[in-house]
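In what follows, a single structure is set out as structure tokens and then discussed.
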Amino acid sequence: MSIPRQTLSFLQQRFKETGIRPRTRLGQNFLIDLNLLDVLVESAAVEPDDVVLEVGTGTGSLTALLAGRAAAVVTVEVDHRMFQLAAEQLHRFDNVTMLQVDALKNKNRLNPAVLEAVYQQLAKGDRSDLPRSGPKGALHKSDLSPSGRRLKLVANLPFNVATPLISNLLALDDPPRTMTVTIQKELAQRITARPGNKDFSALSAWIQSQCRVEILRILPSKVFWPRPKVSSAFIQITLDDELRRRIPDRAFFHDFVRAMFIHRRKFLRSQLLNAVKGRLGKPEVDDVLARLDLDGTLRAEQLDVDTLLALCEAVRT
């Protein structure tokens, strides 16, 4: 038995029955175009041995679709009212773990409770843990190997957590293999921006240093309820192990690129001096720039990812 689909009429009726109003400050704008919801799920290519993390459970409509395909879904909702609304629909799925918490402990760290729930599901994989394709008792027909579960992020992300969530997930030793998410169009453009573009940022460099990124579709505000003031986008971020192996110290590189983009209009030499303050002086910085044949009057946004990596390693070692 499936749960009702998230149409406009369904949402309005459920909110009327419960006396709940969407809280836009929490990013509670619900995707009401069912075709687009299906596009998101299909694009995520969830398989029977995948563990899916969803942030922003909402009414549970997307959660139910994911539960029918994945070994397990860990879904996170910070709003207790929305959590209860979704729980009424999702209690019948025994491969769904619901958490009523903030996905972030702070802007630089994920909530340990979320990570613990995800790791517990990733550790499973014996034949007694076959995924469910629906309500309790409906076993998926596909076989699972004893191990090898993969983590994927699939979510209509609340706008206020999208940047720190994606950024911090990539800082993990074993991040999601793919992130297929709905985010603000402006953020999607920043993530996919190329060097020399005004949107190229620390976030662009951090994600592109490890992943392949693609905007799958631009979404007008009319496909959401309530309508947000901005357009959105489906974006897919795919981990690339070869790219990640180029970074000897990801934590150092993460801090380095953030420092290099703090003051976007500063010239490269000044920005680099600030980034390595207390570690290297002007002569050492000038020597690094000379060895890499970099003009100190460039700006960080003009450097490609390979150059930023080389510059990072030159000041790290």
Quiz item: Is it the case that PRO248 is outside any helix (DSSP H, G or I), modelled with pLDDT under 95 and either under 28 Å from the mean Cα position of the chain (by Cα) or under 19 Å from ARG194 (Cβ atoms) (or both)?
Solution: no
Exercise. Return yes or no: is THR97 touching a residue at least 12 places away in the same chain (Cβ under 8 Å) and not in a loop (DSSP other than H, G, I, E, B)?
Key: yes
Self-check item: Search result, residues across segment 183-212 that are farther than 11 Å from THR163 by Cα, basic (Lys, Arg) and either buried (at least 17 other Cβ atoms within 10 Å of the Cβ) or under 15 Å from the mean Cα position of the chain (by Cα) (or both)
Solution: LYS185, ARG212
Practice problem: Might you let me know whether segment 42-51 holds any residue that is out of contact with any Asp or Glu (no Cβ under 8 Å at 6 or more places or on another chain), surrounded by fewer than 24 Cβ atoms within 10 Å (Cβ to Cβ) and either at pLDDT below 95 or not in a loop (DSSP other than H, G, I, E, B) (or both)? | Solution: yes
Practice problem: Check ALA251, ALA300 and return the single one that is of a type in the set (A, V, I, L, M, F, W, C) and surrounded by 15 or more Cβ atoms within 10 Å (Cβ to Cβ). | Solution: ALA300
Self-check item: Test for ARG265: is it crowded, with 16+ Cβ neighbours inside 10 Å, over 30 Å from LEU11 (Cα atoms) and not assigned by TED's automatic domain parsing to the domain that holds LEU34
Solution: no
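Please go through segment 61-94 and pick out each residue that is touching a helix residue (DSSP H, G or I) at 6+ places or on another chain (Cβ under 8 Å), in a loop (DSSP other than H, G, I, E, B) and within 24 Å of PRO22 (Cβ to Cβ).
Restricting attention to segment 61-94, the residues satisfying the condition of being touching a helix residue (DSSP H, G or I) at 6+ places or on another chain (Cβ under 8 Å) are 61-67, 69, 71-79, 81, 85-86, 89-90, 93.
Narrowing the set further to residues that are in a loop (DSSP other than H, G, I, E, B) leaves 69, 71, 77-79, 93.
Correct list: GLU77, VAL78, ASP79, PHE93.
What is the residue count in segment 10-41 for residues that are loosely packed, with under 12 Cβ neighbours inside 10 Å and closer than 30 Å to GLU214 by Cα?
The first filter runs over segment 10-41 and keeps only residues loosely packed, with under 12 Cβ neighbours inside 10 Å, leaving 16-17, 19, 21, 25, 35.
From what's left, closer than 30 Å to GLU214 by Cα: 25, 35.
Result for segment 10-41: 2.
Here is a list: ARG132, ARG127. Which entry is basic (Lys, Arg), surrounded by 17 or more Cβ atoms within 10 Å (Cβ to Cβ) and modelled with pLDDT under 95? First the steps, then the outcome.
Working: ARG127 fails: surrounded by 17 or more Cβ atoms within 10 Å (Cβ to Cβ).
Unique residue meeting the criteria: ARG132.
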Quiz prompt | Subset of segment 145-168 (residues that are among the polar types (S, T, N, Q) and in a helix (DSSP H, G or I)) | solution = THR163, SER167, ASN168
Quiz item: Is it fair to say ILE215 is closer than 28 Å to THR59 by Cβ, hydrophobic (A, V, I, L, M, F, W, C) and surrounded by 15 or more Cβ atoms within 10 Å (Cβ to Cβ)?
Solution: yes
Quiz item: Just to be sure, is ALA87 free of Cβ contacts under 8 Å to residues at least 40 places away in the same chain and more than 24 Å from ARG149 (Cα to Cα)?
Solution: yes
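Of all residues in segment 1-49, how many are among the aromatic types (Phe, Trp, Tyr) and more than 18 Å from GLN89 (Cβ to Cβ)? Even if it seems obvious, please write down each step before you answer.
Of segment 1-49, the ones among the aromatic types (Phe, Trp, Tyr) are 10, 15, 30.
Okay, now just the ones that are also more than 18 Å from GLN89 (Cβ to Cβ), so none.
Total satisfying the criteria: 0.
Residue-by-condition table, conditions (1) of a type in the set (Phe, Trp, Tyr); (2) farther than 18 Å from PHE224 by Cβ:
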{"site": "ILE20", "(1), (2)": "no, no"}
{"site": "GLN28", "(1), (2)": "no, no"}
{"site": "LEU37", "(1), (2)": "no, no"}
{"site": "ALA45", "(1), (2)": "no, yes"}
{"site": "PRO48", "(1), (2)": "no, yes"}
{"site": "GLY56", "(1), (2)": "no, no"}
{"site": "ALA72", "(1), (2)": "no, yes"}
{"site": "THR75", "(1), (2)": "no, yes"}
{"site": "PHE83", "(1), (2)": "yes, yes"}
Practice problem: Among the candidates LEU239, LEU272, LEU203, LEU187, single out the residue that is touching a Cys at 6+ places or on another chain (Cβ under 7 Å) and not aromatic (Phe, Trp, Tyr). | Solution: LEU239
Quiz item: Under the condition of being of a type in the set (Ser, Thr, Tyr) and not in a loop (DSSP other than H, G, I, E, B), which residue from segment 169-210 is farthest from VAL305 (Cα to Cα)?
Solution: THR182
Quiz item: So, in segment 81-102, of the ones that are among the β-branched types (Val, Ile, Thr) and more than 21 Å from THR24 (Cα to Cα), which residue ends up surrounded by the fewest Cβ atoms within 10 Å (Cβ to Cβ)?
Solution: THR97
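The values are calculated or read from the model by the stated rules, or taken from the named source; none is laboratory data. These numbers were taken from a predicted model, which means no experiment stands behind them. Cβ sites come from the backbone with ideal geometry, for glycine too, and all protein chains shown count toward neighbours.
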